[in-house]
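So that we are looking at the same thing, I have put the structure below in C-alpha coordinates.
The values are calculated or read from the model by the stated rules, or taken from the named source; none is laboratory data. All values derive from a computational prediction rather than experimental measurement. For neighbour counting, all protein chains shown are included, and Cβ atoms are generated from backbone atoms with ideal geometry for every residue, glycine included.
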Amino acid sequence: MKVKKIAAIALASACAFSMAAVDFNGHRKPVWYASRDFFAPRLATIQPRTSEEYRETHSWEGVKVDADHLELIVLNDTNEPYKGSWAVNRVDFDGNVLATQQIDDVELDAASHKGFPLNEEIVDFGDANNELIVAVPSDDSFARVIYNPAEILTQELDAPADAFTTKAKRTADGVELTVTANDYVRDLFCMVGKVDDKATVEEGLVSLLPGESVTFHIGTDYAGDPADFTVLDLGAQYRVDPETFLSKGRATPFAGWEVQGRAVLTVVGGKEVYDEMKVED
(Lines give C-alpha, C1' and ligand atoms only; values in the text may rest on other atoms or scores of the structure.)
Protein backbone atom coordinates (compact mmCIF):
# COMPACT_ATOMS: atom_id res chain seq x y z
CA MET A 1 0.00 0.00 0.00
CA LYS A 2 1.39 3.36 -1.07
CA VAL A 3 1.23 6.08 1.55
CA LYS A 4 2.83 9.49 1.84
CA LYS A 5 5.56 8.55 4.24
CA ILE A 6 9.21 9.34 4.54
CA ALA A 7 11.31 6.24 4.08
CA ALA A 8 13.96 6.81 6.70
CA ILE A 9 15.72 5.01 9.47
CA ALA A 10 16.52 6.21 12.96
CA LEU A 11 18.63 5.10 13.38
CA ALA A 12 16.03 7.04 11.06
CA SER A 13 15.17 10.11 8.96
CA ALA A 14 17.02 12.98 7.38
CA CYS A 15 14.36 15.61 7.84
CA ALA A 16 16.17 17.77 10.35
CA PHE A 17 16.76 21.52 10.54
CA SER A 18 19.59 23.21 12.38
CA MET A 19 22.11 25.97 11.91
CA ALA A 20 24.87 23.63 13.15
CA ALA A 21 26.45 20.84 11.10
CA VAL A 22 27.26 18.75 14.21
CA ASP A 23 25.38 18.29 17.47
CA PHE A 24 26.59 18.77 21.05
CA ASN A 25 28.21 15.32 21.12
CA GLY A 26 29.96 15.85 17.79
CA HIS A 27 27.60 13.73 15.71
CA ARG A 28 27.28 14.86 12.12
CA LYS A 29 23.84 16.17 11.17
CA PRO A 30 22.25 15.77 7.71
CA VAL A 31 23.47 19.23 6.69
CA TRP A 32 27.07 18.06 7.20
CA TYR A 33 26.67 15.37 4.56
CA ALA A 34 24.79 17.72 2.23
CA SER A 35 27.58 20.31 2.59
CA ARG A 36 30.22 17.69 1.86
CA ASP A 37 28.41 16.82 -1.36
CA PHE A 38 27.84 20.34 -2.67
CA PHE A 39 31.42 21.39 -1.83
CA ALA A 40 32.83 18.49 -3.87
CA PRO A 41 35.46 19.65 -6.40
CA ARG A 42 33.42 18.08 -9.18
CA LEU A 43 29.68 18.53 -8.84
CA ALA A 44 26.68 17.94 -11.08
CA THR A 45 23.13 19.08 -10.45
CA ILE A 46 19.88 19.56 -12.33
CA GLN A 47 18.54 23.11 -12.15
CA PRO A 48 15.84 25.25 -13.82
CA ARG A 49 17.26 27.66 -16.39
CA THR A 50 16.04 30.38 -18.74
CA SER A 51 16.92 30.15 -22.43
CA GLU A 52 18.01 33.28 -24.28
CA GLU A 53 15.09 32.88 -26.70
CA TYR A 54 12.61 32.83 -23.81
CA ARG A 55 14.35 35.73 -22.10
CA GLU A 56 14.13 37.90 -25.22
CA THR A 57 10.37 37.41 -25.55
CA HIS A 58 9.35 37.41 -21.87
CA SER A 59 11.60 39.90 -20.12
CA TRP A 60 11.22 43.57 -19.44
CA GLU A 61 12.84 45.92 -16.98
CA GLY A 62 12.17 45.19 -13.32
CA VAL A 63 10.48 41.82 -13.86
CA LYS A 64 12.19 38.50 -13.13
CA VAL A 65 12.03 36.00 -15.97
CA ASP A 66 10.82 32.51 -15.07
CA ALA A 67 12.79 29.42 -16.05
CA ASP A 68 11.54 27.58 -19.12
CA HIS A 69 13.58 24.36 -19.00
CA LEU A 70 15.83 22.11 -16.90
CA GLU A 71 19.56 21.67 -17.44
CA LEU A 72 22.19 19.24 -16.23
CA ILE A 73 24.83 21.58 -14.79
CA VAL A 74 28.31 20.04 -14.68
CA LEU A 75 30.92 21.88 -12.58
CA ASN A 76 34.64 21.11 -12.67
CA ASP A 77 36.40 23.00 -9.87
CA THR A 78 39.69 21.11 -10.23
CA ASN A 79 42.91 22.01 -12.06
CA GLU A 80 42.39 19.17 -14.54
CA PRO A 81 40.09 19.14 -17.59
CA TYR A 82 37.22 16.67 -17.76
CA LYS A 83 35.77 14.67 -20.64
CA GLY A 84 32.97 12.15 -20.34
CA SER A 85 29.31 11.44 -21.00
CA TRP A 86 26.07 11.24 -19.03
CA ALA A 87 23.06 8.94 -19.23
CA VAL A 88 19.85 10.64 -18.11
CA ASN A 89 16.66 8.72 -17.33
CA ARG A 90 13.22 9.63 -16.07
CA VAL A 91 12.08 6.76 -13.85
CA ASP A 92 9.20 6.00 -11.50
CA PHE A 93 9.59 4.96 -7.88
CA ASP A 94 9.45 1.27 -8.87
CA GLY A 95 12.52 1.75 -11.07
CA ASN A 96 10.75 1.62 -14.44
CA VAL A 97 12.49 3.73 -17.09
CA LEU A 98 10.03 6.17 -18.69
CA ALA A 99 12.37 8.23 -20.90
CA THR A 100 16.08 8.32 -21.75
CA GLN A 101 18.64 10.84 -22.99
CA GLN A 102 22.34 10.39 -23.73
CA ILE A 103 24.61 13.43 -23.37
CA ASP A 104 27.93 12.71 -25.07
CA ASP A 105 31.12 14.75 -25.42
CA VAL A 106 30.82 16.56 -22.11
CA GLU A 107 34.10 18.48 -22.07
CA LEU A 108 35.10 21.00 -19.40
CA ASP A 109 38.27 22.98 -18.94
CA ALA A 110 39.81 23.29 -15.50
CA ALA A 111 37.75 25.50 -13.17
CA SER A 112 34.74 25.72 -15.49
CA HIS A 113 31.14 24.60 -15.84
CA LYS A 114 28.58 23.96 -18.57
CA GLY A 115 24.84 23.42 -18.78
CA PHE A 116 23.18 20.78 -20.94
CA PRO A 117 19.42 21.19 -21.62
CA LEU A 118 17.29 18.13 -20.90
CA ASN A 119 14.96 16.86 -23.59
CA GLU A 120 11.23 17.47 -23.33
CA GLU A 121 10.45 13.78 -22.84
CA ILE A 122 12.75 13.74 -19.81
CA VAL A 123 11.07 16.68 -18.06
CA ASP A 124 7.49 15.89 -19.13
CA PHE A 125 6.41 14.29 -15.84
CA GLY A 126 3.28 12.19 -15.94
CA ASP A 127 3.12 12.05 -12.14
CA ALA A 128 5.62 14.34 -10.42
CA ASN A 129 4.90 12.74 -7.03
CA ASN A 130 5.98 9.32 -8.30
CA GLU A 131 8.83 10.10 -10.72
CA LEU A 132 12.49 11.17 -10.71
CA ILE A 133 15.24 12.21 -13.05
CA VAL A 134 18.47 10.25 -12.60
CA ALA A 135 21.69 11.35 -14.33
CA VAL A 136 24.64 8.94 -14.23
CA PRO A 137 28.19 9.84 -15.37
CA SER A 138 30.36 7.58 -17.50
CA ASP A 139 32.98 7.35 -14.72
CA ASP A 140 33.32 8.00 -11.00
CA SER A 141 34.64 11.56 -11.39
CA PHE A 142 31.17 12.81 -10.45
CA ALA A 143 28.45 11.53 -8.17
CA ARG A 144 25.18 10.68 -9.87
CA VAL A 145 22.35 13.19 -9.77
CA ILE A 146 18.81 12.53 -8.54
CA TYR A 147 16.30 15.29 -9.26
CA ASN A 148 13.06 15.24 -7.28
CA PRO A 149 10.35 17.26 -9.06
CA ALA A 150 8.10 17.22 -5.96
CA GLU A 151 8.59 18.00 -2.29
CA ILE A 152 9.13 15.03 0.00
CA LEU A 153 5.82 15.49 1.85
CA THR A 154 3.82 15.10 -1.38
CA GLN A 155 5.84 12.27 -2.90
CA GLU A 156 4.18 8.85 -2.92
CA LEU A 157 6.92 7.10 -0.97
CA ASP A 158 6.34 3.66 0.49
CA ALA A 159 5.98 3.25 4.22
CA PRO A 160 9.41 2.55 5.77
CA ALA A 161 8.53 -1.06 6.62
CA ASP A 162 7.83 -1.65 2.91
CA ALA A 163 10.42 0.66 1.36
CA PHE A 164 13.55 -1.12 2.55
CA THR A 165 15.01 -4.03 4.50
CA THR A 166 17.94 -3.96 6.92
CA LYS A 167 20.70 -6.32 8.06
CA ALA A 168 23.15 -5.63 10.88
CA LYS A 169 26.51 -7.33 11.39
CA ARG A 170 28.93 -6.89 14.26
CA THR A 171 32.47 -5.89 13.23
CA ALA A 172 35.71 -5.48 15.15
CA ASP A 173 35.12 -1.76 15.67
CA GLY A 174 31.34 -1.49 15.55
CA VAL A 175 28.45 -2.45 13.31
CA GLU A 176 27.78 -2.67 9.58
CA LEU A 177 24.15 -1.79 8.89
CA THR A 178 23.08 -2.64 5.33
CA VAL A 179 19.89 -1.13 3.96
CA THR A 180 18.40 -2.49 0.72
CA ALA A 181 15.69 -0.55 -1.09
CA ASN A 182 12.51 -2.22 -2.32
CA ASP A 183 11.23 1.11 -3.66
CA TYR A 184 12.69 4.60 -3.97
CA VAL A 185 14.20 5.72 -0.64
CA ARG A 186 15.04 9.40 -0.29
CA ASP A 187 17.67 10.93 1.98
CA LEU A 188 18.34 7.97 4.25
CA PHE A 189 20.14 8.98 7.44
CA CYS A 190 21.42 6.90 10.35
CA MET A 191 21.03 8.68 13.71
CA VAL A 192 23.55 6.62 15.66
CA GLY A 193 23.52 9.08 18.54
CA LYS A 194 20.06 7.86 19.51
CA VAL A 195 21.64 4.53 20.48
CA ASP A 196 25.18 5.50 21.55
CA ASP A 197 26.38 9.05 22.29
CA LYS A 198 29.91 8.05 21.31
CA ALA A 199 29.03 6.30 18.05
CA THR A 200 30.14 7.58 14.64
CA VAL A 201 28.96 6.85 11.11
CA GLU A 202 30.71 7.65 7.84
CA GLU A 203 27.75 7.59 5.45
CA GLY A 204 24.68 9.81 5.49
CA LEU A 205 21.89 11.39 3.46
CA VAL A 206 21.78 8.57 0.91
CA SER A 207 19.05 8.07 -1.70
CA LEU A 208 18.47 4.60 -3.13
CA LEU A 209 16.68 3.30 -6.20
CA PRO A 210 14.88 -0.06 -6.06
CA GLY A 211 17.32 -2.94 -5.60
CA GLU A 212 20.20 -0.74 -4.48
CA SER A 213 21.93 -1.10 -1.11
CA VAL A 214 24.07 1.04 1.16
CA THR A 215 26.13 -0.08 4.12
CA PHE A 216 26.48 2.29 7.06
CA HIS A 217 29.80 1.74 8.83
CA ILE A 218 29.07 2.55 12.46
CA GLY A 219 31.90 2.92 14.92
CA THR A 220 30.73 1.95 18.41
CA ASP A 221 31.57 -0.22 21.40
CA TYR A 222 27.90 -0.35 22.39
CA ALA A 223 27.23 -3.78 23.85
CA GLY A 224 23.57 -4.03 22.81
CA ASP A 225 22.26 -6.01 19.89
CA PRO A 226 23.12 -4.23 16.58
CA ALA A 227 19.59 -4.82 15.34
CA ASP A 228 18.00 -2.42 17.85
CA PHE A 229 16.42 0.44 15.93
CA THR A 230 13.31 2.54 15.44
CA VAL A 231 11.97 3.84 12.15
CA LEU A 232 10.44 7.30 12.37
CA ASP A 233 8.03 9.03 10.00
CA LEU A 234 8.67 12.69 10.73
CA GLY A 235 6.08 13.82 8.18
CA ALA A 236 3.11 11.88 9.60
CA GLN A 237 0.31 14.10 10.90
CA TYR A 238 -2.41 12.71 13.16
CA ARG A 239 -4.74 13.52 16.05
CA VAL A 240 -3.92 12.14 19.52
CA ASP A 241 -6.70 9.72 20.44
CA PRO A 242 -6.27 7.95 23.83
CA GLU A 243 -8.65 5.21 22.70
CA THR A 244 -6.06 4.02 20.19
CA PHE A 245 -3.26 3.71 22.76
CA LEU A 246 -1.77 0.22 22.99
CA SER A 247 -0.95 0.71 26.67
CA LYS A 248 -3.51 0.34 29.46
CA GLY A 249 -2.97 3.95 30.46
CA ARG A 250 -5.20 6.48 28.73
CA ALA A 251 -4.39 9.65 30.65
CA THR A 252 -2.73 12.33 28.53
CA PRO A 253 -2.86 16.15 28.42
CA PHE A 254 -2.54 15.99 24.62
CA ALA A 255 -5.85 14.32 23.75
CA GLY A 256 -7.29 15.86 20.59
CA TRP A 257 -4.06 17.62 19.61
CA GLU A 258 -2.97 17.64 15.95
CA VAL A 259 0.67 16.51 16.02
CA GLN A 260 3.38 15.51 13.57
CA GLY A 261 5.96 12.70 13.68
CA ARG A 262 5.54 9.16 14.93
CA ALA A 263 7.36 5.84 15.31
CA VAL A 264 6.19 3.33 12.71
CA LEU A 265 8.51 0.38 13.31
CA THR A 266 10.58 -0.79 16.31
CA VAL A 267 13.03 -3.70 16.30
CA VAL A 268 14.68 -4.90 19.52
CA GLY A 269 17.26 -7.66 19.59
CA GLY A 270 16.58 -8.38 15.95
CA LYS A 271 12.87 -8.95 16.59
CA GLU A 272 10.06 -6.73 15.37
CA VAL A 273 8.14 -5.55 18.43
CA TYR A 274 5.97 -2.87 16.81
CA ASP A 275 4.77 -2.28 13.24
CA GLU A 276 2.24 0.47 12.65
CA MET A 277 1.04 -1.13 9.42
CA LYS A 278 0.18 -4.38 11.20
CA VAL A 279 -1.58 -2.50 14.00
CA GLU A 280 -3.69 -0.62 11.44
CA ASP A 281 -4.58 -3.90 9.73
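Looking at (1) acidic (Asp, Glu); (2) in contact (Cβ under 8 Å) with a residue 40 or more places away in the chain; (3) in contact with a His (Cβ under 9 Å, 6 or more places away or on another chain), find the lone condition where Asp183 falls short.
So Asp183 meets the others, but not (3).
Here is a check on your reading of the model: is Asp77 surrounded by 13 or more Cβ atoms within 10 Å (Cβ to Cβ) and either touching a helix residue (DSSP H, G or I) at 6+ places or on another chain (Cβ under 7 Å) or on the phi > 0 side of the Ramachandran plot (or both)?
Criteria not met by Asp77.
Another question about this same structure. Taking region 121-130 only, how many residues are farther than 18 Å from Glu71 by Cβ and among the acidic types (Asp, Glu)?
1
Here's something else I'd like to know. Keeping to region 245-270, report how many residues are out of contact with any Ser or Thr (no Cβ under 6 Å at 6 or more places or on another chain) and either in contact (Cβ under 8 Å) with a residue 24 or more places away in the chain or part of a strand (DSSP E or B) (or both).
Total satisfying the criteria: 12.
Could we say that Pro226 is at pLDDT 80 or above, more than 20 Å from Asp23 (Cα to Cα) and out of contact with any Pro (no Cβ under 6 Å at 6 or more places or on another chain) here?
Here the answer is no, as Pro226 does not meet what is asked.
I'm checking my understanding of the structure. Among residues of region 176-199 that are modelled with pLDDT under 90 and within 20 Å of Lys271 (Cα to Cα), which one is surrounded by the fewest Cβ atoms within 10 Å (Cβ to Cβ)?
Lys194
Just to verify a result, which residue in region 81-106, among those that are of a type in the set (Phe, Trp, Tyr) and within 25 Å of the chain's Cα centre (by Cα), is nearest to Phe125 (Cα to Cα)?
Looking at the filtered set, the residue picked out is Phe93.
Rundown of residues vs (1) over 21 Å from the mean Cα position of the chain (by Cα); (2) farther than 23 Å from Phe142 by Cα; (3) modelled with pLDDT under 95, yes/no style:
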site	(1), (2), (3)
Ile6	no, yes, yes
Ser13	no, yes, yes
Phe24	yes, yes, yes
Tyr33	no, no, yes
Ala44	no, no, no
Tyr54	yes, yes, yes
Glu61	yes, yes, yes
Asp66	yes, yes, yes
Asn79	yes, no, no
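Which residue, of Glu156, Glu131, Glu151, Glu120, is free of Cβ contacts under 8 Å to residues at least 12 places away in the same chain and closer than 19 Å to Asp183 by Cβ?
Glu151
Name the residue, out of Val179, Val175, Val192, that is within 24 Å of Val273 (Cα to Cα), among the β-branched types (Val, Ile, Thr) and touching a Pro at 6+ places or on another chain (Cβ under 9 Å).
Numbers: Val179 fails: touching a Pro at 6+ places or on another chain (Cβ under 9 Å); Val192 fails: touching a Pro at 6+ places or on another chain (Cβ under 9 Å).
Answer to the check: Val175.
Also, I was wondering about something else. When the residues of region 200-211 are filtered to those that are in a loop (DSSP other than H, G, I, E, B) and either of a type in the set (Gly, Ala, Ser) or touching a Gly at 6+ places or on another chain (Cβ under 9 Å) (or both), which remaining residue is surrounded by the fewest Cβ atoms within 10 Å (Cβ to Cβ)?
Gly211
Across region 21-31, which residue is nearest to Asn79 (Cα to Cα) among those that are of a type outside the set (Val, Ile, Thr) and either surrounded by fewer than 16 Cβ atoms within 10 Å (Cβ to Cβ) or in the same structural domain as Ala110 (by TED's automatic domain parsing) (or both)?
At the first step, the residues of region 21-31 found to be of a type outside the set (Val, Ile, Thr) are 21, 23-30.
So of that shortlist, the ones also either surrounded by fewer than 16 Cβ atoms within 10 Å (Cβ to Cβ) or in the same structural domain as Ala110 (by TED's automatic domain parsing) (or both) come out as 21, 23-26.
Numbers: Ala21: 28, Asp23: 35, Phe24: 37, Asn25: 37, Gly26: 33 Å.
Selected residue: Ala21.
Here is a further query. Looking at (1) surrounded by fewer than 18 Cβ atoms within 10 Å (Cβ to Cβ); (2) in contact with an Asp or Glu (Cβ under 7 Å, 6 or more places away or on another chain); (3) not in a loop (DSSP other than H, G, I, E, B), which is the one condition that is false for Asp104?
That leaves (2) as the condition not met.
A further question follows. Within region 132-158, work out how many residues are within 30 Å of Lys83 (Cα to Cα) and not in a strand (DSSP E or B).
Residues in region 132-158 being within 30 Å of Lys83 (Cα to Cα) and not in a strand (DSSP E or B): 9 in total.
Which of the residues spanning region 201-222 are of a type in the set (S, T, N, Q), over 17 Å from Asp37 (Cα atoms) and modelled with pLDDT of 90 or more?
Let us first name the residues in region 201-222 that are of a type in the set (S, T, N, Q), namely 207, 213, 215, 220.
Going one step further and asking which of them are over 17 Å from Asp37 (Cα atoms), we end up with 213, 215, 220.
Passing the criteria: Ser213, Thr215.
Say we look at region 70-101 and pick out the residues that are part of a loop (DSSP other than H, G, I, E, B) and in contact with a strand residue (DSSP E or B) (Cβ under 8 Å, 6 or more places away or on another chain); which of these is nearest to Ala150 (Cα to Cα)?
Phe93
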